[in-house]
Amino acid sequence: MRVNRAGAGNHRDSRLLAACCAVAGLSGTAGANTSNGYNLPIGVTDMSKALYGLHMEVFWICVGIAVVVFGIMIYSLVMFRQSKGAIADTTMVHSTKVEIIWTIIPVLILVVMAVPAADIILKQEDTRNSELSIRVTGYQWKWQYQYMNAAEGVDFFSTLKQDSNFARQLDSGIDPNTVKNYLLDVDKPLVVPSGTKVRLLLTSMDVIHAWWVPDFGAKRSAIPGYVNELWFKVDPGKEGVYRGQCAALCGRDHGFMPVVVDVRTPDDFKKWVEEQKAALKQAATPLPAPAPLPVVGADASPPKTAQVLN
Amino acid sequence: MAHEHAADTAHHDDHHGEPAQGIKRWLFATNHKDIGTMYLVFSLTMFFVGGAMAMIIRAELFKPGLQLVDPAFFNQMTTMHALVMIFGAVMPAFVGLANWMIPLQVGAPDMALPRMNNFSFWILPFAFTILLSTLFIPGGAPAGGWTMYPPLFLQGGNYVAMAIFAVHLMGASSIMGAINVIVTIMNMRAPGMNLLKMPLFCWSWLITAYLLIAVMPVLAGAVTMLLTDHYFGTSFFNAAGGGDPVMFEHVFWFFGHPEVYIMILPAFGIISEILPTFSRKPLFGATSMIYAIASIAFLSFIVWGHHMFVDGMPLAAQLFFMMSTMLIAVPTGVKVFNWTATMWKGSLSFEPPMLFALSFLFLFTIGGFSGVMLAIVPVDFQYNQTYFVVAHFHYVLVPGAVFAIMAAVYYWLPKWTGNMYSMGLAKTHFWLSTIFVNVLFFPQHFLGLAGMPRRIPDYAVQFSDWNMVSSIGGFGFGLSQILFLVVIVQCARGGKKASAEVWDGATPTGLEWTIPSPAPYHSFAVAPEIK
């Protein structure tokens, strides 16, 4: 985990996260999320924590079932071997009673899993009362972020960073291990405030993409003609840079359109918005045009509803 | 039919009693055993072709950075690997087994529609020649994933028409094969063999055949709409023209989910044949096994939405597809429990078919567990489109479907060739396959959970270690399959003669064990009596 502006750590999960940081740190890699390398990240939103909890609950239920079922299988393999003189009990062919039992027990187990799951889906789908909306548009192979609400007018593209882009060329001769945040870094990340319910409106201008940040527990497809909604609210104190990737095969460079989110405190975010707006004003004046500034699209008005776009 | 063949045999009398010499025997084959053999040989060939593509994928993913192939070619490999393995290796293998074994198991002289049988096989080499030739045309092969989602798939060049034509041909072949299975089972069972007395392999195929007839036309419809969108200016899936790319996903997965069961139900049938034989005990709860297969088949039609949760779906639909998907775990659980109960208090021995069946039992169940996890909608948002999904479906398809096919081959090969194969080599093949398949696919669970998306040619460096382990497993698994080929070729060439019952000392049941090994070219010309 690379948290640039890590908070003071005055929250419940700081110890767990610290442990994860330690693991990621020890492995010496540019770990971009709170995953320990073999499990889901606990993440930095209430949703990602809920998902992690549900994931572990279902996982342990599966492990429990596996221990019982595999245990019986292994016991049979050991005890009922012909080479050990086992004689088959050919009368044992059917038992309505046990068959009813092993139909009903799985049903009950599934109910135990489904109830909390349904509860979380309701929260996941509730995009009401968001404080900041951002229109996210997928392109082959970059993301466009267009802010609404207080940051209206801020609009830029986010593309794979140059050093990764050089290193990822076929036979580039550059060792990916020497590139910081290889394939998970962009020229201009999405900037959002912490402690704020951020709603993304996802669509695409060409093929289907999917916007994903594992640490937010947030993934949704960006589909041409559709506007999908997604929300996340990063815990205060968890400011930092979080990384993910496009998750839907979108052509040749599908593997090379990362999602990077820079989470800042609401105050820092406000400052950032002011800077962006000032830069925009400057860019609007004809001379001199600084090269790397974002182009303000001619049709910057975002779609209002989930309608088919033309 | 049998009568005609008998007349032919008198004319071209060679020492095997076969009707035609040389290439004509195969080109004009109407004998279910010849056609079954051709299907199986074709399937094995495609298994190696698709496997070679998998080796390219795993070689590129061996370490971060692009060393071997361009990303566009990498995407062609993932797409073609899936199409070749699904439509070229797994499905034809099951049809081949059906051709060989259904007439023998129901006591019929041949499949009901032998000329259609010939046609349904011979379509396949053409279909795959067309599909594979796209690798050599400008613009290359399909690279948008085997799911062919528009608009990506439609960005392609000439492969669009070629791949769609190939899929149409494969669909036609599958439908004809399925009709043949249904007609044979419904009309040609030996007198006295009522449906509930029929072996489980036939039952599983009967239900599979109905699934095929129900969904292959849906796939054909979906790809035809792609075709007209691409060439004739329609806008079924083109948002700019008022179409809907998500509609393709719905139509595709309405085919795609039953397709998953098309690839696993016959495997269930095979395992239900092999476990009782080497446990020396009848299958536990045979009737509930049939009901379980039928319920799985029914449920497979109402769960397609679980492939598309992240694409946006009404809340009610998410809940419905979650519940219906989880429900599949119940009949599947019944099957696993019944298999376990079959071994309980049995007298087990561990010949190669039994070893593969046992490996199936354990590893398919692991695939089932990850399936239940994937069904849980909210966390599916984290798993979907990652290597966790790749691990899941490879667990159900490789140590699931493919191991069941290998178990079937090791079970019936002596019946087909009349020779026993090398038990030592077969067991070596088993151990290498089972070990490497886990080295190959188990780490992919970790990769997916840690955040590695699927279908990417290069990855962030924190995914390096598990990818390297997975690739080593992949190379090991790939190389091990050469042993499989060696065992089959050796066995076809000769070896210790097999008895009629083949598995003396075990308890194989079914009519196929009442005829000599190798099975004579024409069997059950007179229907056997079933008590």
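We did not get these values from a lab; they are worked out from the coordinates using the rules stated. In this text the structure is predicted, and so the values were computed from the model without any measurement. Please note: Cβ atoms are built from the backbone with ideal geometry, for glycine as well, and neighbour counts cover all protein chains shown.
Take the Kirkwood radius over Cα pairs of region B:318-363, plug it into Stokes-Einstein at 20 °C and 1.002 mPa s, and you get 171 µm²/s for translational diffusion. Counting only other chain Cβ atoms within 10 Å of each residue's Cβ, the peptide A:125-135 averages 1. Looking at B:V260, B:F237, B:G312, which one has the Cα that reaches farthest to the positive end of the dipole of region B:197-330 (charges on Cβ: Lys, Arg +1; Asp, Glu -1)? The one lying farthest along the dipole's positive direction is B:V260. Taking label positions 7 Å along the Cα-Cβ direction at both B:I482 and A:V111, the computed distance is 5.6 nm, reported to one decimal.
Assuming R0 = 30 Å, can you tell me the calculated FRET efficiency for the pair B:F48 and B:Q21, based on Cβ-Cβ distance, to the nearest 0.05? Write down the numbers at each step before the final one.
Details: r = 28 Å, r/R0 = 0.94.
Once rounded, the FRET efficiency stands at 0.60.
Summarising the overall dimensions of chain B from its C-alpha atoms, the Rg and Dmax are 22.8, 69 angstrom.
Once the Kirkwood radius over Cα pairs is known for region A:217-261, the Stokes-Einstein relation at 37 °C and 0.692 mPa s delivers a diffusion coefficient of 261 µm²/s.
For chain B, a crude dipole built from +1 on the beta carbon of Lys and Arg and -1 on the beta carbon of Asp and Glu, taken about the Cα centre, is about 920 debye to the nearest 20. Just to be sure I understand the curve: with the Debye formula and one point per C-alpha of region B:31-237, what is log10 I(q)/I(0) at q = 0.08, 0.11, 0.14, 0.19 Å⁻¹? The calculated log intensity ratios at q = 0.08, 0.11, 0.14, 0.19 Å⁻¹ are -0.32, -0.58, -0.84, -1.24.
As a proxy for reagent exposure, ranking A:C62, B:C491, A:C246 by other Cβ atoms within 10 Å from fewest up yields A:C62, B:C491, A:C246.
For region B:21-94, the fraction of alpha-carbon pairs lying more than 13 Å apart is 69 percent, rounded to a whole number. Estimated from helical segments only, the mean residue ellipticity of chain B at 222 nm is -22000 deg cm²/dmol, where each DSSP H run of four or more residues counts as -39500 (n - 2.57).
Mind putting a number on the dipole of region B:214-359 about its Cα centre? Charges go on the C-beta only, +1 for Lys and Arg and -1 for Asp and Glu, and I need it in Debye to the nearest 20. Working shown, then result.
Working: 4 positive and 7 negative charges, 153 e Å.
Using Cβ point charges on Lys, Arg, Asp and Glu, region B:214-359 gives about 740 debye.
Amide H to amide H distances under 5 Å link A:V191 with A:D262, where only residues 5 or more positions off or on other chains count and H is placed in the peptide plane.
Counting neighbouring Cβ atoms within 10 Å and putting the fewest first, the residues A:E275, A:E239 line up as A:E275, A:E239. For region A:141-192, the Kirkwood hydrodynamic radius comes to 12.4 Å, computed from all pairs of different C-alpha atoms.
Taking neighbour counts of Cβ atoms within 10 Å as a proxy for exposure, in what order, fewest first, do B:I207, A:I174, A:I109 appear?
Working: B:I207 23, A:I174 16, A:I109 20.
So the ranking, lowest neighbour count to highest, is A:I174, A:I109, B:I207.
Computed from the alpha carbon atoms alone, the convex hull of region A:132-284 holds 118 Å³ per residue. Ellipsoid semi-axes for the protein assembly as shown, based on the Cα gyration tensor and the rule √(5λ), read 52, 29, 24 Å when sorted largest first.
Work out the mean other chain Cβ neighbour count within 10 Å for the residues of A:81-93 and drop it here as an integer. Don't jump to the answer; show the numbers that get you there.
Numbers: counts 5, 10, 4, 2, 1, 7, 4, 11, 6, 9, 3, 8, 10.
The per-residue average across the peptide is 6.
Of the peptides B:193-206, B:369-382, how do they stack up when ordered by the mean number of other Cβ atoms within 10 Å, highest first? Walk me through the numbers on the way to the answer.
On the way: B:193-206: 20.4, B:369-382: 24.1.
Packing order, densest peptide first, comes out as B:369-382, B:193-206.
Overall size of region B:47-139 from C-alpha positions, given as principal axis extents largest first: 58, 28, 13 Å. Taking amide H atoms as placed 1.01 Å from N in the peptide plane, the amide H of A:K161 lies under 5 Å from those of A:D185, A:V186, A:D187, each 5 or more residues away in sequence or on another chain.
Note that region A:82-215 shows a convex hull volume over its alpha carbon atoms of 297 Å³ per residue. Label point 7 Å out from B:T228 along Cα-to-Cβ: which residues of region B:174-217 have amide N under 11 Å? Within reach of a label on B:T228: no residues.
What FRET efficiency would be calculated for the residue pair B:I472, B:L68, taking the C-beta separation as r and a Förster radius of 25 Å, to the nearest 0.05?
Values: r = 16 Å, r/R0 = 0.64.
Result of the calculation: an efficiency of 0.95.
Averaging 1/r over each pair of different alpha-carbon atoms in region A:46-125 and inverting the result gives 15.9 Å, the Kirkwood hydrodynamic radius. Diffusion of region B:444-531 by Stokes-Einstein, at 37 °C in a medium of 0.692 mPa s and with Rh set to the Kirkwood radius over alpha-carbon pairs, works out to 181 µm²/s. Per residue, the convex hull spanned by the alpha carbons of region B:371-469 comes to 111 Å³.
Shielding by partners for A:179-189, please: the mean number of other protein chain Cβ atoms within 10 Å of each residue's Cβ. Kindly include the intermediate steps, with their values, before the conclusion.
Values: counts 4, 0, 3, 8, 8, 5, 1, 0, 0, 0, 0.
Whole-number average of other-chain Cβ neighbours for A:179-189 is 3.
When only alpha carbons of region A:158-226 are considered, Rg and Dmax amount to 15.1, 43 Å.
Of the trypsin sites (Lys or Arg not before Pro) found in region B:382-465, no site is in coil according to DSSP while having at most 14 other Cβ atoms within 10 Å of its Cβ.
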